[in-house]
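These notes concern the structure reproduced below.
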Amino acid sequence: MEFRILGTGSATPQLQRNPSAFVVTVDNFLILIDCGEGTQFRLLQYKIKVSRLRYILISHLHGDHYFGLIGLLSSLNMQRRTEQLDIFGPQGLDEIIYQQLKYSGSILNFKLQFHVTNPNTFDEILNNDCLKINTFPLKHRIDCTGFLVTKKSSKRKILAEKLPENFPVTFFKMLKEGMDVQDELSGKTYKNADYTIEGSHEKQLAYCSDTIFDESIVDYIKNADLLYHESTFLEEQAERAKFTFHSTAIEAATIAKTSNAKRLIIGHFSSRYKTSEHFLVEAKTVFEDSFLAQEGENFII
Ligand SMILES: [Zn+2]
Ligand SMILES: [Zn+2]
């Protein structure tokens, strides 16, 4: 699983920072988390294949987290996308998008499936063979959810080069599931340990979009391999952070420490700060494995 940063700014437009948008790569498909204004240009800039985009997760309806959505959808349509796209977001998002499509006379070639997120509780919104996604409540000025993306552990990997050429295909499943195989025709036993290796372990990414410092979220995101947490202000603006329902770098780091995250990425920097280094200095006083969100950067989880 990979986590790429497309935007590190907050609500006020900034020339040196773009608004929130992040791409998660799982196997061969993509998940877009938040879609601030101009996200489609960042996708072009970093040569990200939008044809592989499968899910879009929107945390809340402040413009810096979704104003890029209609532009991206229109462009996907012009690229003749036909595959269904699932969008998970707050109540009202579907209405906004459908109105924009209606009054621009746009008819999509692909199916848009909206799923309304619940801002009040920990909720499972997706669960398939390789992936699980949960939402959890954040405390912001309007309804807002965080996302917990879990890439499931994979089954055992077969060492195909060790198997005989005529090894029956029907036995592959048994090997993947960790069983020994008894071939009654040849009388040979294939010991699982000789022909497979362990699959990949479960990995978790926790995404905390705009929120006031709120230790109750720790319960939802314990032991995440990677935690992204907003860090709009430095400590000197701690009061302003509270007043605007945002967090400081130290508060983000405190969440990382208390939840036992392996790594922390901080972003969503206020336009009042022209450089970001001080955010990292403050975060590291609480949590050593802190990193600054930098646009274009890709974290392997
Ligand atoms: Zn924001
Ligand atoms: Zn916001």
Item to complete: Over every pair of different alpha-carbon atoms in segment 38-133, take the mean of 1/r and invert it; report that Kirkwood radius in Å.
Response: 14.4 Å
Fill in: Dipole magnitude of segment 157-196 about its Cα centre (Cβ charges: Lys, Arg +1; Asp, Glu -1), debye to nearest 20
140 debye
Worksheet item: Between ARG141 and ASN298, what FRET efficiency follows from the Cβ-Cβ distance if R0 is 30 Å, with the result rounded to 0.05?
Response: 0.45
Discussion item. Take the chain, mark every one of the GluC sites (Glu not before Pro) that falls in a DSSP loop and has at most 10 other Cβ within 10 Å, then report the longest stretch left between them, sites excluded.
Written reply: 1-164
Worksheet item: Tally Lys/Arg at +1 and Asp/Glu at -1 over every other residue whose Cβ is under 12 Å from the Cβ of ILE266; what's the total?
Response: -3
Worksheet item: Which percent of the accessible area of the chain is formed by carbon and sulfur heavy atoms (probe 1.4 angstrom)?
Response: 51 percent
Worksheet item: Quick one: Karplus J couplings for segment 232-242, per residue in order, coefficients 6.51, -1.76, 1.60, θ = phi - 60°, nearest Hz, x for Gly and Pro?
Response: 6, 10, 8, 4, 4, 10, 4, 5, 5, 4, 4
Fill in: Positive-pole candidate from CYS130, LEU30, ASN77, dipole of the chain, charges at beta carbon
ASN77
Practice prompt. With +1 on each Lys and Arg Cβ and -1 on each Asp and Glu Cβ, and nothing else charged, work out how big the dipole of segment 18-135 is about its Cα centre, in Debye to the nearest 20.
Written response: 540 debye
Worksheet item: ASP143 accessible area, nearest 10 Å², 1.4 Å probe?
Response: 100 Å²
Worksheet item: What is the calculated FRET efficiency for ASP129 to SER51, with r their C-beta to C-beta distance and R₀ = 25 Å, to the nearest 0.05?
Response: 0.75
Worksheet item: Measuring from a point 7 Å past the Cα of SER154 along Cα-to-C-beta, which residues in segment 184-228 have an amide N at less than 16 Å?
Response: 196-204
Fill in: Calculated P(r) of segment 66-210 - Cα pairs past 19 Å, %
67 percent
Discussion item. Can you give me the solvent accessible area of ILE212 with a 1.4 Å probe, rounded to the nearest 10 Å²?
Written reply: 30 Å²
Response to the item:
When all Cα-Cα pair distances of segment 34-89 are considered, the percent exceeding 13 Å is 60 percent
Item to complete: Among THR145, THR39, ILE301, pick out the residue whose Cα is farthest towards the positive end of the charge dipole of the chain, where Lys and Arg carry +1 and Asp and Glu carry -1 on C-beta, about the Cα centre.
Response: THR39
Response to the item:
Here the FRET efficiency for PHE29 versus GLU202, based on Cβ atoms and R0 = 22 Å and rounded to 0.05, is 0.75
Worksheet item: With every protein chain left in place, what is the accessible area of CYS144 in Å² (1.4 Å probe, nearest 10)?
Response: 0 Å²
Discussion item. Can you tell me the length gained on complete extension of the stretch SER74 to LYS191, counting 0.36 nm per residue apart and subtracting the Cα distance?
Written reply: 36.8 nm
Practice prompt. Taking amide H positions as placed in the peptide plane 1.01 Å from N, state which residues far from TYR46 in sequence (5 or more) or on other chains have amide H under 5 Å from it.
Written response: none
Fill in: ILE96-LEU108 pseudo-label distance in nm [points 7 Å out on the Cα-to-Cβ vector]
1.5 nm
Fill in: In Å, descending, principal axis extents of the Cα set of segment 250-301
30, 24, 14
Worksheet item: Once the Cα gyration tensor of segment 157-196 is diagonalised, what are the square roots of 5 times its eigenvalues, in whole Å and ordered largest first, as equivalent ellipsoid semi-axes?
Response: 14, 11, 9
Practice prompt. Compute the signed sum of charges (Lys and Arg +1, Asp and Glu -1) over the other residues within less than 10 Å, Cβ to Cβ, of GLU177.
Written response: +4
Response to the item:
Taking Cα atoms only, helix 69-78 is inclined relative to the longest principal axis of the chain by an angle, in degrees rounded to 10, of 50 degrees
Worksheet item: Taking the Cα atoms of segment 189-293 alone, what are Rg (to one decimal) and Dmax (as a whole number) in Å?
Response: 17.5, 68
Worksheet, complete the sentence: Note, segment 27-38: 3J(HN,Hα) by Karplus (6.51, -1.76, 1.60, θ = phi - 60°), whole Hz, Gly/Pro = x, goes 6, 10, 10, 10, 10, 9, 10, 6, 8, x, 3, x
Worksheet item: Under a point spin-label approximation (7 Å from Cα along Cα-to-Cβ), what is the SER216-SER271 distance to one decimal in nm?
Response: 3.2 nm
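The values are calculated or read from the model by the stated rules, or taken from the named source; none is laboratory data. The structure displayed is predicted, hence computed values, not measured ones. When we count neighbours, we look across all protein chains shown, and the Cβ atoms used for this are built from the backbone with ideal geometry, even at glycine. To get the accessible areas, we keep the full protein, side chains included, count just its heavy atoms, and leave off ligands, DNA and RNA. Shrake-Rupley method; radii C 1.70, N 1.55, O 1.52, S 1.80 Å.
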